[in-house]
Amino acid sequence: MPEPMPRKPKAPSCEDCYFHKNLLCALELGEPCATFRPNRPEGLVPPRQPVLLMRAPRWASTGRAVSA
Ligand code: SF4
């Protein structure tokens, strides 16, 4: 039987940070900062961004007719 996945992910630490592993960090904070990026085999991966939702153009909204 496979082991269940842990519910809470492990808290990030500087030892797991890409910048620390590659000697690119000059900070001596003692705790991870907002720049933390996980050290992955594929290298530096940018953080996920929210999906950009496009609005309908103003002229397409209902309620007002456009006259020339
Ligand atoms: S960049 Fe931030 S999280 Fe990464 S090692 Fe440096 S202080 Fe820690």
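The values are calculated or read from the model by the stated rules, or taken from the named source; none is laboratory data. All figures in this text were calculated on a predicted structure; none of them were measured in a lab. When we count neighbours, we look across all protein chains shown, and the Cβ atoms used for this are built from the backbone with ideal geometry, even at glycine.
Here are the numbers:
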{"quantity": "Some residue of the range 39-62 being at pLDDT 90 or above, of a type outside the set (D, E, K, R) and within 10 Å of the ligand (Cβ to nearest atom)", "calculated": "yes"}
{"quantity": "Checklist (1) assigned to a loop (DSSP other than H, G, I, E, B); (2) touching a helix residue (DSSP H, G or I) at 6+ places or on another chain (Cβ under 6 Å); (3) of a type outside the set (A, V, I, L, M) applied to residue 20, failing item", "calculated": "(1)"}
